[in-house]
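Engineer: Below is one structure. I have some questions about it.
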Amino acid sequence: MSGDLDRRLAALGEGVALARGRVDDAAVARAEAVVGRAGRRLGLGVEATVVALAGPTGAGKSSLFNALAGADLVETGRRRPMTSSSTAAVWGEPPDALLDWLDVARRHRLDGAGPDGLVLLDLPDFDSVESAHREEVERVIELADLLVWVVDPQKYADAAWHERYLRPMAGHAGVMEVVLNQADLLDDAGVAACRADLERLLRADGLRDLPVRAVSARTGAGLAELERAIAARAAGRAAAVERLGADVRAAAAGLDAGCGDGRAGRIGRAERERLVGALAEAAGVPAVVAAVGRAHRRRGALRTGWPAARWVRRLRPDPLHRLRLPDRGGEEAARPSLPGPTAVQRAGVATAMRGLAASAAGDLPDPWPRLVREAATRHEERAPAALAETMGEVDLRMTAPLWWRAVDALQLVLAGVMLVGILWLLGLVALGWLRLDDVVPTPEVDGIAVPTLLAVGGALAGLLVAMLAAAVTRLGARRRARRADRALRERVGAVAEELVVDPAQAEVAAREQLCAALATARAEGRRARRGR
Ligand SMILES: Nc1nc2c(ncn2[C@@H]2O[C@H](COP(=O)(O)OP(=O)(O)OP(=O)(O)O)[C@@H](O)[C@H]2O)c(=O)[nH]1
Ligand SMILES: [Mg+2]
C-alpha cells in the first residue's frame with residue numbers, strides 16, 4: 001500500500017516540477033509541501049498512528065482526551081480558552097523521531113492496554129482569540145494521520161470551522177471522525193436532530209459519508225465506540241498512508257490545470273511555411289538573395305566582359321561584400337550588415353508565431369493556449385536579428401564557373417588581336433606621316449585592310465562574346481539566387497523549428513506529462529484499471 005503511495009508521491013513530485021511557472025504558484029507550493037511532508041512522514045514509519053483532537057474552545061477536547069487516556073493528563077474547565085499547547089498521550093513504542101517531528105513538548109507514555117503505536121494529541125482551540133492557538137492547530141492538523149473533530153451542540157454550525165477547515169479538506173473525509181460531544185445536555189430527540197443537522201452541513205461542505213458520533217465525555221456515553229474506531233485505525237496501520245494519500249490527491253487536484261478535456265492541435269505545413277516566410281523577410285533573406293544575383297552578374301562581367309569596359313564595373317562595390325557576406329559561409333563569418341526588420345515585418349513574424357501557437361494548442365483549455373503562445377513567441381523580438389546575424393554562416397556557393405576562365409582567355413586573345421590591329425594602324429599612320437606608306441604594302445582581305453580587320457573585328461568579337469557571356473551569366477545568376485534562397489530558407493526553417501515550433505510542442509508535451517503525472521498521483525490510473 002505504501003509502495004503505491006510512493007509511486008503516487010513520485011508522480012506528484014514530477015507534477016510539481018512540470019507545473020512550476022505554468023500553474024498557480026500557491027498550488028505548486030502546496031503540492032511541494034505535501035511531497036516534502038509525506039517524505040518525512042513515511043520515513044518515520046507508518047506503523048504508528050497520530051490522532052489529533054481538534055475543535056472549538058469548550059467543546060470538550062481535553063475532557064475526551066483524558067477519558068480516552070483513562071487518566072487526567074490535561075486540565076479541563078470553564079476557563080476559555082483552557083488549553084494553550086498540545087499534549088500527547090502515547091501508547092506502546094512509537095518512534096521518538098515521530099514525536100520530535102510532531103514537536104509536542106508534553107508527552108505522556110501510557111502503560112495501560114491500548115493500541116500499540118497510537119499517539120493521541122489534545123490541541124488548543126481553533127477559534128481562539130489567541131492567534132498562537134490557531135497556528136498550533138493548523139500546524140498539527142497538517143501532520144496528524146487521523147483528525148477527530150470535537151464539537152458541541154452549540155458550536156457545530158460554526159462558520160469558521162466549516163469554511164476554513166472542512167471545505168478545503170473535502171477530500172479528507174476518509175481520515176476524519178466527527179464527534180458531537182456533550183450529548184448528555186440534550187434528550188434523544190435533540191441529539192438525533194443535532195446529528196442530522198450536522199450531517200447535512202457536512203454534506204454541504206463536500207464531506208459525504210462522514211457519520212457524526214454523539215458522545216459525552218461526562219457520562220461516557222458513546223466513548224467505547226469512539227475508542228474502538230480509533231483503535232481499529234491504529235491497528236490497521238494504514239492511517240498515515242491514507243492521510244498522505246488524501247493529501248496527495250488534494251494537491252494533485254490543485255495542480256490540475258485544464259487536464260479534463262480538449263485536445264491539442266497539430267502544426268501543419270502551412271503554418272510552418274508562413275512562419276519561415278515571415279522570418280525570412282524580417283531577417284533580410286530577399287536582400288541577400290538579390291545581392292547573390294547581382295554579385296554573380298558583376299563578377300561574371302568582370303571575368304567575361306569586354307576588357308576595355310571592365311573598369312566601369314569595378315567602380316561599384318561587390319553587392320555581397322557590401323553586406324559583409326562571405327562567398328562560402330562559415331562559423332567565423334562576420335556579422336552581416338543587413339537592414340533591421342521593418343515594423344510591418346515584425347508584425348508579420350508576430351502574427352505567424354501566434355498562428356502557429358494557436359494551431360499547436362488546438363482546443364486545449366486554459367491556461368494552455370496562453371502557455372503555448374508564450375513558448376512560441378518567447379523569441380519574437382530577438383529572432384529576426386539573431387537570424388540575420390547567422391546569415392553569414394550559410395554557404396552561398398559563390399564559386400566562379402570554369403567557363404568564365406575560358407571566356408576570359410578568349411577575351412584576352414580578342415583584345416590582343418584588336419590591340420595588334422590598332423598598333424598596326426598607328427604604325428601605318430606614322431609611316432604615312434613619314435611618307436613611307438608606299439614602301440610597306442598593307443595586306444588586304446576582300447578589299448579591307450588587315451589591320452582594320454584586326455582592330456574592328458577584335459573589338460566586335462569581344463563585344464559579342466561579352467554579350468553572349470552576360471546572357472549565360474544572367475541565367476546562372478538566377479539559378480544561384482534560387483539556390484541561395486533555398487539554403488537561406490532552410491536555415492531560417494531550422495531556426496524557426498528550434499525557437500518557435502519546438503518550444504510550442506514542448507509545452508503541449510509538458511501538459512501531457514503533467515496530466516499523466518497528476519492522474520497517477522490521484523490514483524486515477526489504478527481506479528481506471530480496476531474499473532475495466
Ligand atoms: N455536560 C458536559 N460537559 C462537558 C462535556 N465534556 C466537557 N465538558 C465540560 O466543558 C468544559 C470544557 O471542557 P474542555 O475539555 O476543557 O474543553 P476543551 O475543548 O478542551 O476547551 P479548550 O481547551 O479551551 O479548547 C469543561 O468544564 C468540561 O467539564 C460533556 O460531555 N458534557
Ligand atoms: Mg482543552
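Engineer: On the basis of being within 16 Å of ligand 1 (Cβ to nearest atom), at negative phi, in contact (Cβ under 8 Å) with a residue 60 or more places away in the chain and outside any helix (DSSP H, G or I), does Val23 make the cut?
Structural biologist: Answer is no for this residue.
Engineer: May I ask you to say which residue of Leu166, Leu201, Leu207 is in contact with a Leu (Cβ under 7 Å, 6 or more places away or on another chain), more than 16 Å from ligand 1 (Cβ to nearest atom), under 18 Å from Phe126 (Cβ atoms) and not in a loop (DSSP other than H, G, I, E, B)?
Structural biologist: Going through Leu166, Leu201, Leu207 in turn, just one is in contact with a Leu (Cβ under 7 Å, 6 or more places away or on another chain), more than 16 Å from ligand 1 (Cβ to nearest atom), under 18 Å from Phe126 (Cβ atoms) and not in a loop (DSSP other than H, G, I, E, B): Leu166.
Engineer: Okay, moving on. Does segment 34-50 include one or more residues that are within 16 Å of ligand 1 (Cβ to nearest atom), crowded, with 17+ Cβ neighbours inside 10 Å and within 23 Å of Val178 (Cβ to Cβ)?
Structural biologist: For segment 34-50, residues within 16 Å of ligand 1 (Cβ to nearest atom), crowded, with 17+ Cβ neighbours inside 10 Å and within 23 Å of Val178 (Cβ to Cβ): absent.
Engineer: Is one or more of the residues making up segment 116-131 within 12 Å of ligand 1 (Cβ to nearest atom), without any contact (Cβ under 8 Å) to a residue 24 or more places away in the chain and under 25 Å from Ala250 (Cα atoms)?
Structural biologist: No, because not a single residue in segment 116-131 is within 12 Å of ligand 1 (Cβ to nearest atom), without any contact (Cβ under 8 Å) to a residue 24 or more places away in the chain and under 25 Å from Ala250 (Cα atoms).
Engineer: On to the next question. Which pairs do you get when a residue that is touching a residue at least 24 places away in the same chain (Cβ under 8 Å), found in segment 288-309, comes within reach of a residue that is of a type in the set (Phe, Trp, Tyr) and part of a helix (DSSP H, G or I), reach meaning Cβ atoms under 7 angstrom, with the pair 6+ apart or on two chains?
Structural biologist: Qualifying pairs under 7 Å: Gly300/Trp404; Arg303/Trp404; Thr304/Trp404.
Engineer: With the structure loaded, tell me whether Ala352 is in contact (Cβ under 8 Å) with a residue 24 or more places away in the chain, surrounded by 15 or more Cβ atoms within 10 Å (Cβ to Cβ) and touching a Pro at 6+ places or on another chain (Cβ under 9 Å) or whether it fails that test.
Structural biologist: no
Engineer: Might you check whether a residue that is part of a helix (DSSP H, G or I) and touching a Leu at 6+ places or on another chain (Cβ under 7 Å) occurs anywhere in segment 329-351?
Structural biologist: Yes, the conditions are met somewhere in segment 329-351.
Engineer: Now for a different question. Among the residues of segment 359-376, what is the count of those that are of a type in the set (A, V, I, L, M) and more than 9 Å from Ala504 (Cβ to Cβ)?
Structural biologist: 2
Engineer: Looking at segment 26-51, which of its residues are of a type outside the set (A, V, I, L, M) and part of a helix (DSSP H, G or I)?
Structural biologist: Matches in segment 26-51: Arg30, Glu32, Gly36, Arg37, Gly39, Arg40, Arg41, Gly43.
Engineer: Would you mind stating whether Pro317 is in contact with a Leu (Cβ under 9 Å, 6 or more places away or on another chain) and part of a loop (DSSP other than H, G, I, E, B)?
Structural biologist: Taking the combined requirement at face value, the residue does not satisfy it.
Engineer: Let me ask another. Looking only at segment 372-388, decide whether some residue is hydrophobic (A, V, I, L, M, F, W, C), in a loop (DSSP other than H, G, I, E, B) and in contact (Cβ under 8 Å) with a residue 24 or more places away in the chain.
Structural biologist: Checked against the condition, which is being hydrophobic (A, V, I, L, M, F, W, C), in a loop (DSSP other than H, G, I, E, B) and in contact (Cβ under 8 Å) with a residue 24 or more places away in the chain, segment 372-388 yields no hits at all.
Engineer: Need pairs with beta-carbon distance below 7 Å; first residue outside any loop (DSSP other than H, G, I, E, B) and within segment 254-268, second aliphatic (A, V, I, L, M); sequence gap 6+ or separate chains.
Structural biologist: Gly254/Ala27; Gly254/Ala31; Leu255/Ala19; Leu255/Val23; Leu255/Ala27; Leu255/Val28; Leu255/Ala31; Leu255/Leu518
Engineer: Could I ask something else about it? In segment 460-467, is there at least one residue being within 28 Å of Val407 (Cβ to Cβ), of a type outside the set (Phe, Trp, Tyr) and assigned to a strand (DSSP E or B)?
Structural biologist: no
Engineer: If I filter segment 488-507 down to residues being of a type outside the set (Asp, Glu) and surrounded by fewer than 16 Cβ atoms within 10 Å (Cβ to Cβ), which single residue comes out as farthest from Ala270 (Cα to Cα)?
Structural biologist: Among those that are of a type outside the set (Asp, Glu) and surrounded by fewer than 16 Cβ atoms within 10 Å (Cβ to Cβ), it is Ala506.
Engineer: Please name all residue pairs, on different chains or six or more residues apart, with Cβ atoms under 7 Å, provided the first residue is in segment 79-91 and is farther than 14 Å from Ala144 by Cβ and the second residue is of a type in the set (A, V, I, L, M) and near ligand 1 (Cβ under 10 Å from one of its atoms).
Structural biologist: Note: pairs meeting the criteria are Thr83/Val74.
Engineer: Okay, moving on. With a cut-off of at least 1 residues that are modelled with pLDDT of 95 or more and among the acidic types (Asp, Glu), name the strands (runs of 3 or more DSSP E) lying wholly within segment 52-135.
Structural biologist: Fully inside segment 52-135 and qualifying: 118-122.
Per-residue answers, yes or no, for (1) more than 9 Å from ligand 2 (Cβ to nearest atom); (2) among the small types (Gly, Ala, Ser); (3) surrounded by 13 or more Cβ atoms within 10 Å (Cβ to Cβ):
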residue: Pro56; (1), (2), (3): yes, no, yes
residue: Ser62; (1), (2), (3): no, yes, yes
residue: Asp72; (1), (2), (3): yes, no, no
residue: Arg79; (1), (2), (3): yes, no, no
residue: Met82; (1), (2), (3): no, no, yes
residue: Ala89; (1), (2), (3): yes, yes, yes
residue: Pro95; (1), (2), (3): yes, no, yes
residue: Leu102; (1), (2), (3): yes, no, yes
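The values are calculated or read from the model by the stated rules, or taken from the named source; none is laboratory data. Since we're looking at a predicted model, the values are computed, not measured. Please note: Cβ atoms are built from the backbone with ideal geometry, for glycine as well, and neighbour counts cover all protein chains shown.
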